[in-house]
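Chemist: Structure incoming, see below.
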Amino acid sequence: FQHYYITNNLSVMEHAVIEKANPIALSEDQKAALNKYKIQARKDNEIFLRQHPEVSCLISDFLHEVLLKRPEQVVEFAANHFTQPDIRPRINSQIKEEKKLLRREARKAVKSAEKA
């Protein structure tokens, strides 16, 4: 991420911490810069997540297993979950299935649009 520096050599994120403690601590220019940074960060994150569907699959797979098994030691469970030898092929399979589903939905949308 590109860091925007405002006054006193504080980064936008440091100013965000200050703003939470004291909302009037930031000037209007600083608030505008912070909002610009937040918007850009969201755009960058969205682009990254679209380029890496495995992130969504990893999170979804983990949450599914946590809610199904409800482990007492969640951190230990997470460590074991993400180091399973079969995780890569399992996630790749989920990505393929997700892509198939998206293609099917796209075809249905096109057919619906053609009928209208």
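The values are calculated or read from the model by the stated rules, or taken from the named source; none is laboratory data. If you're wondering where the values come from, they're calculated on a predicted model, not measured in any experiment. Positions of Cβ are backbone-derived with ideal geometry, glycine not excepted, and every protein chain shown enters the neighbour counts.
Chemist: Restricting attention to segment 56-106, and to residues there that are among the acidic types (Asp, Glu) and in contact (Cβ under 8 Å) with a residue 12 or more places away in the chain, which single residue is surrounded by the fewest Cβ atoms within 10 Å (Cβ to Cβ)?
Modeler: So the residue we want is 98.
Chemist: Mind checking which residues of segment 63-86 are at pLDDT below 95 and of a type in the set (Phe, Trp, Tyr)?
Modeler: Across segment 63-86, the qualifying residue is only 82.
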